[in-house]
Amino acid sequence: MALLEAMNLEVHYNDFAALSDISLTLERGEIASIVGPHGSGKSTLLLTIQGFIKPVKGTIRFMGERIDGLPPERIVEKGVVFVPEGRRLFLSLTVRENLEMGAYNRRARFQMDKSMQTCFELFPVLKAKEDHKADTLSAGEQQMLAIARGLMAKPLLMLLDEPFQGLSPGTVGKLCEAIKTIKDEGVSFIIVGQRVQRILKIGDRGYVLLNGRVYREGRAEDLLDDESIRHILLD
């Protein structure tokens, strides 16, 4: 049984078809990399999986159970956590307080202390700055905090929207290593963005979206080497 299976999804914004006949499968322990130009439907797909947008057609199953139609908070409780583009931290709260906010669901609340220790081991800079307000952190540190806050919810699947946007190559490398470590602990990922080389390089399977449709899918490394998509996607 696949961890996540989205079948024939269709999403409309008024009369505009933002997603058309999108299907996606993710197995346990995988990273799915989804790339495409601006406006191709990448963020819309994540918002639909998380329940913020309701599809007009199609189904989404998580661990065999249909989740399309459930509210976002119920989907979080089942183990799917969305880390949005732009991070959306509570900037006036400290690092520790932001992490505590991530453990709001019942399943995560009882493991808050253990989860926070895991986050601090994964991102030592957050431990060093746990009493600093989030708005004093660098962009890279804020992205680390956003991922760590998502991890506090005890996810089985994390949805990362543009996690590398605007960050230096060195910071992106550190985030990729952290994502691999989290994956090794049993968390799967769907990562979307326009930094095609980085996102495909970290993934197991890849999807290329164009105009709200799956243009190409396959092993992520094969897509990265495919000359037919390199010239239209690579940054």
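The values are calculated or read from the model by the stated rules, or taken from the named source; none is laboratory data. Everything numeric in this text was worked out from a predicted model, so none of it was measured. Note: ideal-geometry Cβ built from the backbone for every residue, glycine included; neighbour counts use all protein chains shown. Please note that ligands, DNA and RNA were not included when accessible areas were found on the heavy atoms of the full protein model with its side chains. Shrake-Rupley method; radii C 1.70, N 1.55, O 1.52, S 1.80 Å.
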Exercise. Only one of (1) closer than 27 Å to G140 by Cβ; (2) open to solvent by 40 Å² or more (accessible area, probe 1.4 Å) is not met by S188, so which one is it?
Worked result: (2)
Exercise. Which of (1) in contact (Cβ under 8 Å) with a residue 12 or more places away in the chain; (2) over 29 Å from L24 (Cα atoms) is the odd one out, the single condition A128 does not satisfy?
Worked result: (1)
Seminar exercise, completed: Given the conditions (1) at pLDDT 95 or above; (2) more than 23 Å from A178 (Cα to Cα); (3) in contact with a Gly (Cβ under 9 Å, 6 or more places away or on another chain); (4) not polar (S, T, N, Q), every one holds for L93 apart from (3)
Exercise. Only one of these conditions is not met by M158: (1) buried (at least 21 other Cβ atoms within 10 Å of the Cβ); (2) in contact with a Leu (Cβ under 6 Å, 6 or more places away or on another chain); (3) at pLDDT 95 or above. Which number is it?
Worked result: (2)
Exercise. On the given criteria, is K78 of a type outside the set (A, V, I, L, M, F, W, C), within 23 Å of L3 (Cβ to Cβ) and surrounded by fewer than 22 Cβ atoms within 10 Å (Cβ to Cβ)?
Worked result: yes
Exercise. Any idea which of (1) in contact with a Cys (Cβ under 7 Å, 6 or more places away or on another chain); (2) open to solvent by 10 Å² or more (accessible area, probe 1.4 Å); (3) more than 19 Å from L4 (Cβ to Cβ); (4) not polar (S, T, N, Q) is the one A148 doesn't satisfy?
Worked result: (2)
Seminar exercise, completed: Those residues of the range 58-71 which are modelled with pLDDT of 95 or more and surrounded by fewer than 14 Cβ atoms within 10 Å (Cβ to Cβ) amount to G64, E65, R66, P71
Exercise. Hey, does the range 81-88 have a residue that's surrounded by fewer than 16 Cβ atoms within 10 Å (Cβ to Cβ) and either over 14 Å from P155 (Cβ atoms) or of a type in the set (A, V, I, L, M, F, W, C) (or both)?
Worked result: yes
Problem set entry | Selection count where residues are on the phi < 0 side of the Ramachandran plot, touching a strand residue (DSSP E or B) at 6+ places or on another chain (Cβ under 9 Å) and open to solvent by 10 Å² or more (accessible area, probe 1.4 Å), scope the range 162-181 | 2
Seminar exercise, completed: Within the range 27-61, the count of residues that are in contact with a Gly (Cβ under 8 Å, 6 or more places away or on another chain) and of a type in the set (A, V, I, L, M, F, W, C) comes to 4
Seminar exercise, completed: The residue that is farthest from the chain's Cα centre (by Cα), considering only those in the range 118-157 that are within 16 Å of R96 (Cβ to Cβ) and of a type in the set (S, T, N, Q), is T136
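Table: residues versus (1) among the aromatic types (F, W, Y); (2) at pLDDT below 95; (3) open to solvent by less than 50 Å² (accessible area, probe 1.4 Å); (4) touching a strand residue (DSSP E or B) at 6+ places or on another chain (Cβ under 6 Å).
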residue: A108; (1), (2), (3), (4): no, yes, yes, no
residue: D113; (1), (2), (3), (4): no, yes, no, no
residue: M116; (1), (2), (3), (4): no, yes, yes, no
residue: L126; (1), (2), (3), (4): no, no, yes, no
residue: K129; (1), (2), (3), (4): no, no, no, no
residue: M144; (1), (2), (3), (4): no, no, yes, no
residue: K154; (1), (2), (3), (4): no, yes, no, no
Exercise. Does the range 40-54 contain any residue that is of a type in the set (S, T, Y), open to solvent by 30 Å² or more (accessible area, probe 1.4 Å), closer than 17 Å to L156 by Cα and within 17 Å of the chain's Cα centre (by Cα)?
Worked result: no
For this session: Kindly provide the set of residues from the range 191-206 that are within 13 Å of the chain's Cα centre (by Cα), of a type outside the set (A, V, I, L, M) and open to solvent by less than 10 Å² (accessible area, probe 1.4 Å), ordered by number.
Result: G193
